[in-house]
Amino acid sequence: MLPHVLIIGSWAEYLYTFHFDASYVPIIRTRDVDLLYPWIRRPAKPIDLERMMRDAGFVVVRDSHTQAVKLLKEDLLEIEFLTRQIGAGRDPVIDIPAIGMRGQALRDVNLLAEHPMVLEAKEHQILVPEPAVYVLQKILIHPHRVPAWKKEKDLESVRGLMPFIRNIPHDLSCWHEAVSGLSDKERSVLQRVAVEQFLDIPVLE
């Protein structure tokens, strides 16, 4: 399954320790693992993920209204599947045929899906968003992010990651590339949040 999902959220920040130098210290305060499944029909041969996770000791919980799935492992982990909201779609959940589950559909994650990075972590290849895009997305969603404590945590992540992004040419180039693809409205949000929250971001080109 790992080739087909991106780990996003706080656990992506942990995985960035395999990208940045040893001075980078991630902020992890959650047992929640958000898995972004952007290519809902991959692999072509469906996986019986529910059986596999039950065999591994997870409890499968479905929302009674949407049937969106969460996978629980005692008090250690809570895994949730997210997927992209495409076009004019407004469905809060979307079927993921490749794994036989439903995931929460969010337009906010589309930018992350467009900029994946492969990390080598303990002999595994794991997909995460490019760090620069991860930071950019957190800034863009800031105005409508709820609850308030998540907004503050996001800003803390942005301030923690940005100095490392500036110091790696690839990451800095990725930032400028992603920013260049934003709409005028999104660029306006980026500039406004950076000013209001005193964020030291690279100069917008």
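Applying a threshold of 7 Å to beta carbon distances and a minimum spacing of six or more residues, or different chains, the list of pairs starting in segment 88-104 at a residue that is on the phi > 0 side of the Ramachandran plot and ending at one that is outside any strand (DSSP E or B) reads GLY100/PRO46; GLY100/ASP48; GLY100/LEU49; GLY100/GLU50. Scan segment 88-95 and give yes if some residue there is surrounded by 19 or more Cβ atoms within 10 Å (Cβ to Cβ), in a helix (DSSP H, G or I) and within 21 Å of the chain's Cα centre (by Cα), otherwise no. No, every residue in segment 88-95 fails to be surrounded by 19 or more Cβ atoms within 10 Å (Cβ to Cβ), in a helix (DSSP H, G or I) and within 21 Å of the chain's Cα centre (by Cα).
Take ALA148 and tell me if it is surrounded by 14 or more Cβ atoms within 10 Å (Cβ to Cβ) and without any contact (Cβ under 8 Å) to a residue 60 or more places away in the chain. First the steps, then the outcome.
Numbers: surrounded by 14 or more Cβ atoms within 10 Å (Cβ to Cβ): no; without any contact (Cβ under 8 Å) to a residue 60 or more places away in the chain: yes.
Considered against the rule, which asks whether it is surrounded by 14 or more Cβ atoms within 10 Å (Cβ to Cβ) and without any contact (Cβ under 8 Å) to a residue 60 or more places away in the chain, ALA148 comes out as no.
In segment 105-140, what residues are under 14 Å from THR17 (Cα atoms), under 11 Å from the mean Cα position of the chain (by Cα) and part of a strand (DSSP E or B)? LEU127, VAL128, PRO129, listed by residue number. Within segment 57-101, the set of residues being within 20 Å of HIS4 (Cβ to Cβ) and either among the acidic types (Asp, Glu) or outside the structural domain of ARG31 (by TED's automatic domain parsing) (or both) comprises GLU80, ASP95. Taking segment 151-179 as the search range and keeping residues that are farther than 20 Å from PHE18 by Cβ, acidic (Asp, Glu) and in contact with a helix residue (DSSP H, G or I) (Cβ under 9 Å, 6 or more places away or on another chain), which one is surrounded by the fewest Cβ atoms within 10 Å (Cβ to Cβ)? Out of the qualifying residues, it is GLU177.
Of the residues GLY160, GLY100, the single one that is under 24 Å from GLY87 (Cβ atoms) and of a type outside the set (S, T, N, Q) is GLY100. Residues that are closer than 22 Å to LYS153 by Cβ, modelled with pLDDT of 90 or more, assigned by TED's automatic domain parsing to the domain that holds LEU119 and part of a loop (DSSP other than H, G, I, E, B) do occur in segment 26-43, at least one of them. Restricting the search to segment 158-181, which residues are in contact (Cβ under 8 Å) with a residue 12 or more places away in the chain and part of a loop (DSSP other than H, G, I, E, B)? Listed by number, the list holds a single entry, ILE168. Tallying residues that are in contact with a helix residue (DSSP H, G or I) (Cβ under 6 Å, 6 or more places away or on another chain) and within 16 Å of ARG84 (Cβ to Cβ) within segment 108-127 yields 4.
Whether a residue is part of a strand (DSSP E or B) and among the hydroxyl-bearing types (Ser, Thr, Tyr) was assessed, and THR66 does not pass this test.
Within segment 64-84, the residues that satisfy the criterion of being closer than 17 Å to GLY100 by Cβ and in contact (Cβ under 8 Å) with a residue 12 or more places away in the chain are THR66, GLN67, ALA68, VAL69, LEU71, ILE79, GLU80, PHE81, LEU82, THR83.
Just checking, which of ASP21, ASP75, ASP32, ASP55 is surrounded by fewer than 16 Cβ atoms within 10 Å (Cβ to Cβ), touching a strand residue (DSSP E or B) at 6+ places or on another chain (Cβ under 6 Å) and charged (D, E, K, R)? Steps first, answer last, please.
Details: ASP21 fails: touching a strand residue (DSSP E or B) at 6+ places or on another chain (Cβ under 6 Å); ASP75 fails: touching a strand residue (DSSP E or B) at 6+ places or on another chain (Cβ under 6 Å); ASP55 fails: touching a strand residue (DSSP E or B) at 6+ places or on another chain (Cβ under 6 Å).
Answer to the check: ASP32.
The values are calculated or read from the model by the stated rules, or taken from the named source; none is laboratory data. Note that this is a predicted model, so its numbers are computed, not measured. In this analysis, Cβ positions are derived from the backbone assuming ideal geometry, glycine residues included, and neighbour counts consider all displayed protein chains.
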